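> Below is the structure I would like to discuss, written out as structure tokens.
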Amino acid sequence: MLHRGLPLPVLLISALLHCAASNKANKHKPWIEAQYQGIIMENDHTVLLNPPLFALDKDAPLRYAGEICGFRIHGSGSPFEAVVLDRTTGEGLIRAKGPVDCEAQREHTFTIQAHDCGEGPDGVNSKKSHKATVHVRVNDVNEFAPVFRERVFRASVTEGRMYERVLRVQAWDQDCSPQYSQVCFYQILTPNVPFTIDNDGYIKNTQPLQVSGEKLIRFTVTAYDCGKKRAAEDAEVEIQVKPTCKPSWKGWNKRIEYVPGSGSLALFPNIHLETCDEPMGNIQATVEIQTSHIAKGCDRDNYSEKALRKLCGAAPGDVELLPFSSPLHNWTHSLPVQDTQDSSLVFWFNGSQSVEVAPGHLPAGGRTADHLTLSFWLKHGGRSGGRSGKEEEVLLCNTVQNGDGSFSHYTLAVHGCRISFLYWSLLESARPVKFLWKLEQVCDVEWHHYALSLEFPTVSLYVDGVTYDPALIHDNGALPPPRRQARLMIGGCWEEEKVSVKVDDNETTRVTGTVPGRFLRGYMSGLTLRLGPVDSREVIECLYSCKEGLQFTDFDNLGKGMKVHVNPAQSQLSLEGDDAQSFSRALQHVEYLNSLQFPTPGVRPLKLQTIVKCPSDEGCLTVPDLEGYLVVLQPDAPQVQLSGAPRSAHPISDFQGPLGVPLFPDLKITCSVSHPISSNKQERAPRADMQSSDGIECSLEKCEVGVVGEDLNMEYESLSVDVSSTWQRGLEMENSSRSLKITGVQSVAVYEDILRSLTYRTVARAALYARKFHVSCSEMNGRYISNQLYTEVDVLHGIHAGSPNHVLSAQQFVHSAHQAPAELSGHTLVNTNPSSVFPGVAMVIIIVCIGFLALIVTLGLSRIHSVRQRDGVEEPELEAATQRDTFWEDSAMTVTVNPMESLQSRGLVSAQKESVSERREPNEESG
């Protein structure tokens with residue numbers, strides 16, 4: 001009802017303001033379902049939601065506040081968007097932004113939120129609904145055809161047998177749904193073949209096959225998915241018909257090559273056991289590699305025994321009882337020496353001889369017999385004539401005088417496969433104790449290393465780095481004690497024997513004497529004696545363990561019930577299991593490893609022995625043994641190159657100074673590796689030169705500086721290095737009149753530094769010579785030797801700091817003195833008369849001679865003619881040399897011969913000819 005007292009325009013304005021106030025009352029949030037499930041086809045864009053997408057707002061039917069303006073999808077990378085179909089009803093739609101791929105992502109999950117239009121067209125004070133979860137599944141379309149995993153499937157069958165499954169062909173489909181991604185059935189397309197295929201792809205034969213027929217049967221198969229879509233490409237099947245099966249190992253190579261430095265190598269990477277489907281219960285196999293012909297039974301470190309002990313951190317103080325024969329150590333001169341690959345010293349004991357060590361060579365100290373270590377290499381040869389093992393053979397027999405004057409005795413011997421150690425602590429009172437070990441290593445005619453440590457009453461024996469406890473310890477009772485005399489014998493032992501001695505014609509008497517007996521037959525090397533306990537296990541393994549052998553590392557994937565055992569020498573590896581497949585897989589991981597950088601090249605025979613047992617514990621299958629060989633290729637040989645100045649000149653004061661003159665001040669030692677051509681005629685990739693590296697790869701073991709020509713007179717001449725620095729670096733030095741030797745394993749940089757500090761010195765009253773020296777270095781116990789670098793040190797006379805002309809004259813004089821008489825090979829006697837190099841005196845002599853020659857030239861023509869006839873060869877050479885060297889004409893060294901002097905003084909002419917030839921040598925060298 002209109003108010004009568006108000007005009008009409010006012011009433012209209014009031015109504016409009018009331019409507020506007022009512023529209024701004026946006027009191028409620030839109031509402032949607034909490035969760036939606038959607039489906040979309042790969043070839044469609046619209047998502048079918050359950051329930052449908054509707055947003056409700058309690059502010060309806062108000063304009064803006066009761067209307068739905070949009071939906072917002074939350075989730076990064078969502079391929080969908082939501083749109084509003086009707087703002088009044090709040091109906092919405094979710095659609096894909098682009099094509100969706102079921103194979104890429106089959107399901108999508110995101111959240112959606114609705115918002116109203118607010119309080120006006122600008123959306124002010126808009127309200128949002130809660131977030132609802134949307135799950136959209138992409139339905140697959142059969143767009144892909146099946147694809148076979150292989151283009152050709154191959155299998156083999158044995159003739160005359162029927163198989164339930166010969167092989168299986170498999171195809172796969174890229175579609176994502178179970179309906180279209182599964183292959184429902186296979187089909188053989190080639191007609192009239194004796195095979196069928198089932199829906200899972202397994203092929204079996206329909207009749208027995210014979211080798212006399214087709215040995216290789218080929219046919220084509222195809223596949224269909226559950227949407228009846230055929231494979232894009234068919235597959236070929238090849239079935240090979242083989243003769244009757246014979247159990248054996250398949251897939252192995254008889255020859256195997258090992259490249260040094262390549263790490264471990266699988267010996268049988270593709271091997272498998274063909275059991276011919278026979279039942280079996282247990283499989284046992286042994287892989288054996290034979291290395292007995294390599295050095296001392298296998299590849300070990302190639303350094304010398306002394307150098308290797310330092311490298312491994314062994315305790316010092318070993319006394320070598322079987323050294324190389326020399327005037328000081330001559331007791332081994334009668335023993336035959338065998339050549340070895342590792343350059344070690346090996347002696348042969350033939351079963352009828354022994355040697356006795358000189359008493360002065362043994363270590364001193366009280367109670368030496370109760371705390372000691374014996375170490376040696378032994379290859380026991382047994383005895384000929386079938387008497388092996390019937391007699392005891394003594395390795396070492398020693399009677400020791402203790403510090404208090406008493407005597408002790410011990411004997412180390414072998415008897416068959418036993419090794420024994422007889423110890424007598426005191427010959428006067430104690431009873432002997434004998435320790436026995438029964439070891440196969442003693443009688444297998446192979447090289448083994450033994451280390452026996454005595455800390456009475458404990459005795460420890462290490463064989464190839466493995467410790468063994470005594471099998472028996474017993475008291476030998478009342479044995480006759482040996483004679484109380486300090487002596488040590490190797491390869492036998494003295495025995496008491498009564499001999500008849502004729503006193504006169506009618507009377508003889510029997511006296512007691514000692515004769516050697518119980519001789520050793522075999523090879524022995526590196527026998528050492530040290531006072532003190534045996535080295536640690538780590539040191540022994542470093543010293544004597546084999547650096548090559550068999551290993552198994554795939555224990556994590558070892559099949560159930562499989563057992564693997566490797567012997568201490570790593571020459572035999574045994575496997576045991578019940579499953580042929582797991583057994584073959586384990587055998588494929590048997591590896592050979594040679595950890596040496598420069599291993600011994602050559603052949604290592606391989607053997608694989610197999611025993612198969614049936615469940616009844618009886619042999620049912622006989623698998624033949626495999627015999628092959630491993631070839632260790634020639635390693636890249638290291639080349640050590642020495643370079644430096646070939647000569648140097650020094651003043652007399654330097655030679656006679658407190659330090660002397662350095663021989664090799666600019667010495668350079670480089671180490672490189674030469675690469676041979678491989679078997680495929682392609683050169684290996686070169687490695688960079690390893691110059692003075694700190695690694696063991698470029699270490700040196702010995703450098704020797706030698707004198708060329710006459711030996712040094714040790715009373716006046718000497719070679720010296722910094723002894724304290726040499727010892728601190730673990731090196732040893734041996735100096736003599738002929739050479740200076742530095743030994744010990746050290747890096748190239750250390751040897752380079754020491755050799756650069758090497759000096760040559762003379763005393764003041766010594767004759768001064770131009771001395772020549774040479775130096776060479778080696779590594780790996782002399783296996784690799786460097787070149788010989790020669791150098792010459794000359795003497796400069798009459799040098800003064802303020803007279804450069806004198807220095808030049810002295811240098812010219814040194815060059816003119818290079819040619820030496822034959823009896824002074826290696827050094828040159830330098831003229832010590834300084835007046836011969838002074839240019840003032842020479843110039844006066846030249847002027848006088850020229851003036852005198854001008855006055856009597858007429859009288860001397862006939863005499864000159866006779867001189868040329870008698871010296872027809874010498875004088876043209878002098879004239880040609882004079883014309884070629886204009887510098888000689890102007891120098892202070894020109895000598896003029898008076899032709900009127902007696903021809904008996906032809907020594908001056910010879911001296912001039914020698915002087916000319918000496919001047920030509922520097923010119924030729926400079927050219």
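> Looking for whichever is closer than 30 Å to Ser177 by Cα, of a type in the set (A, V, I, L, M) and under 60 Å from the mean Cα position of the chain (by Cα) here; the options are Val47, Val134, Val138, Val83. Which one fits?
Values: Val47 fails: under 60 Å from the mean Cα position of the chain (by Cα); Val134 fails: under 60 Å from the mean Cα position of the chain (by Cα); Val83 fails: under 60 Å from the mean Cα position of the chain (by Cα).
Among Val47, Val134, Val138, Val83, only Val138 is closer than 30 Å to Ser177 by Cα, of a type in the set (A, V, I, L, M) and under 60 Å from the mean Cα position of the chain (by Cα).
> Also, quick follow-up: Val319 passes all but one of (1) within 28 Å of Leu700 (Cβ to Cβ); (2) in the same structural domain as Glu591 (by TED's automatic domain parsing); (3) β-branched (Val, Ile, Thr); which number fails?
(2)
> Look through segment 722-747, keep the residues that are surrounded by 19 or more Cβ atoms within 10 Å (Cβ to Cβ) and of a type in the set (A, V, I, L, M, F, W, C), and return whichever of them is farthest from Lys310 (Cα to Cα).
Among those residues, the one meeting the criterion is Leu740.
> Further question: Output the residues belonging to segment 53-102 that are outside any strand (DSSP E or B), in contact with a Phe, Trp or Tyr (Cβ under 8 Å, 6 or more places away or on another chain) and under 20 Å from His135 (Cβ atoms).
Leu53, Ala55, Gly75, Ser78, Lys97
> A further question on this structure: Within segment 456-471, how many residues are small (Gly, Ala, Ser) and either surrounded by 20 or more Cβ atoms within 10 Å (Cβ to Cβ) or closer than 17 Å to Ala295 by Cβ (or both)? Can you show your working first?
Just the residues of segment 456-471 that are small (Gly, Ala, Ser), to begin with: 460, 465, 471.
Right, trim to either surrounded by 20 or more Cβ atoms within 10 Å (Cβ to Cβ) or closer than 17 Å to Ala295 by Cβ (or both) and you get 465.
Qualifying residue count, segment 456-471: 1.
> Quick one: Arg771 ticks every box in (1) more than 17 Å from Leu700 (Cα to Cα); (2) not in a strand (DSSP E or B) except a single one, so which number is it?
(2)
> While we're on this one: Please find, within segment 601-621, the residue that is surrounded by the most Cβ atoms within 10 Å (Cβ to Cβ) out of those that are in a loop (DSSP other than H, G, I, E, B) and modelled with pLDDT under 85.
Step one: filter segment 601-621 for residues in a loop (DSSP other than H, G, I, E, B), giving 601, 614-618.
When the remaining residues are screened for being modelled with pLDDT under 85, the result is 614-618.
Details: Cys614: 14, Pro615: 11, Ser616: 9, Asp617: 9, Glu618: 8.
Here the answer is Cys614.
> Same structure again: Determine whether Val445 is assigned to a loop (DSSP other than H, G, I, E, B), at pLDDT 85 or above and within 45 Å of the chain's Cα centre (by Cα). If you could, list the steps in order and put the result at the bottom.
Numbers: assigned to a loop (DSSP other than H, G, I, E, B): yes; at pLDDT 85 or above: yes; within 45 Å of the chain's Cα centre (by Cα): yes.
Spelling it out, Val445 is indeed assigned to a loop (DSSP other than H, G, I, E, B), at pLDDT 85 or above and within 45 Å of the chain's Cα centre (by Cα).
> Next question, about the same structure. If you take the residues of segment 566-586 that are under 25 Å from the mean Cα position of the chain (by Cα) and at pLDDT 90 or above, which of them is farthest from Leu267 (Cα to Cα)?
Start the filter on segment 566-586 by keeping residues that are under 25 Å from the mean Cα position of the chain (by Cα), which leaves 566-573.
From what is left, the residues that are at pLDDT 90 or above are 566, 572-573.
Working: Val566: 15, Gln572: 13, Leu573: 12 Å.
Only one residue tops the list, namely Val566.
> Here is a follow-up. Checking the condition polar (S, T, N, Q), modelled with pLDDT of 90 or more, under 30 Å from Pro599 (Cβ atoms) and assigned to a loop (DSSP other than H, G, I, E, B), which residue from Asn302, Asn270 passes?
Numbers: Asn302 fails: modelled with pLDDT of 90 or more.
The conditions single out Asn270.
> Step by step: first the residues of segment 527-546, then only those that are within 12 Å of Gly317 (Cα to Cα) and either in a strand (DSSP E or B) or not assigned by TED's automatic domain parsing to the domain that holds Leu378 (or both), then the one that is farthest from the chain's Cα centre (by Cα). Which residue is that?
The residue in question is Leu531.
> For segment 247-267, which residues satisfy the criterion of being of a type in the set (Phe, Trp, Tyr) and either outside any loop (DSSP other than H, G, I, E, B) or surrounded by fewer than 17 Cβ atoms within 10 Å (Cβ to Cβ) (or both)? Give the steps one after another, and end with the answer.
Going residue by residue through segment 247-267, those that are of a type in the set (Phe, Trp, Tyr) are 249, 252, 258.
Listed by number, the residues that qualify are Trp249, Tyr258.
> Could I ask something else about it? Does Ala285 fit the bill of being in a strand (DSSP E or B) and among the small types (Gly, Ala, Ser)?
yes
> OK, next. Just name the residue that is nearest to Lys560 (Cα to Cα) out of those in segment 251-300 that are in contact with an Asp or Glu (Cβ under 9 Å, 6 or more places away or on another chain) and charged (D, E, K, R).
My answer is Lys254.
> Another question, then. Could we say that Ser453 is within 19 Å of Ile540 (Cβ to Cβ), crowded, with 19+ Cβ neighbours inside 10 Å and among the small types (Gly, Ala, Ser) here? Don't jump to the end; show me each part of the working.
Numbers: within 19 Å of Ile540 (Cβ to Cβ): yes; crowded, with 19+ Cβ neighbours inside 10 Å: yes; among the small types (Gly, Ala, Ser): yes.
Yes: the conditions hold for Ser453.
> Do you know which of the residues in segment 419-442 that are in a loop (DSSP other than H, G, I, E, B) and not aliphatic (A, V, I, L, M) is surrounded by the fewest Cβ atoms within 10 Å (Cβ to Cβ)? Can you show your working first?
From segment 419-442, those in a loop (DSSP other than H, G, I, E, B) are 425-432, 439; that's our starting set.
Imposing the further condition that a residue be not aliphatic (A, V, I, L, M) reduces the set to 425, 428-429, 431-432.
Numbers: Ser425: 19, Glu428: 10, Ser429: 7, Arg431: 13, Pro432: 19.
That would be Ser429.
Here's the yes/no breakdown for (1) in the same structural domain as Leu396 (by TED's automatic domain parsing); (2) modelled with pLDDT of 80 or more; (3) not basic (Lys, Arg):
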| site | (1), (2), (3) |
| --- | --- |
| Phe407 | yes, yes, yes |
| Leu412 | yes, yes, yes |
| Gly416 | yes, yes, yes |
| Ser425 | yes, yes, yes |
| Arg431 | yes, no, no |
| Trp437 | yes, yes, yes |
| Gln441 | yes, yes, yes |
| Ser453 | yes, yes, yes |
| Pro481 | yes, no, yes |
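> Looking only at segment 103-131, which residues are assigned to a loop (DSSP other than H, G, I, E, B), hydrophobic (A, V, I, L, M, F, W, C) and within 60 Å of the chain's Cα centre (by Cα)?
Of segment 103-131, the ones assigned to a loop (DSSP other than H, G, I, E, B) are 103-106, 117-127, 129-131.
From the residues that got through so far, the ones that are hydrophobic (A, V, I, L, M, F, W, C) too are 104, 117, 124.
Of everything in segment 103-131, just one residue is assigned to a loop (DSSP other than H, G, I, E, B), hydrophobic (A, V, I, L, M, F, W, C) and within 60 Å of the chain's Cα centre (by Cα), namely Ala104.
For every residue, the table says whether it meets (1) in contact with a strand residue (DSSP E or B) (Cβ under 6 Å, 6 or more places away or on another chain); (2) under 21 Å from Cys276 (Cβ atoms).
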| site | (1), (2) |
| --- | --- |
| Tyr163 | yes, yes |
| Arg168 | yes, yes |
| Gln179 | no, no |
| Gln182 | no, no |
| Tyr186 | yes, no |
| Thr190 | yes, no |
| Ile203 | yes, yes |
| Leu209 | yes, yes |
| Lys215 | yes, yes |
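> Under the condition of being at pLDDT 90 or above and buried (at least 18 other Cβ atoms within 10 Å of the Cβ), which residue from segment 141-151 is nearest to Val183 (Cα to Cα)?
Filtering segment 141-151 for residues that are at pLDDT 90 or above and buried (at least 18 other Cβ atoms within 10 Å of the Cβ), the one nearest to Val183 (Cα to Cα) comes out as Pro146.
The values are calculated or read from the model by the stated rules, or taken from the named source; none is laboratory data. All values derive from a computational prediction rather than experimental measurement. With ideal geometry, Cβ positions are generated from the backbone for all residues, glycine too; neighbour counts draw on all protein chains shown.
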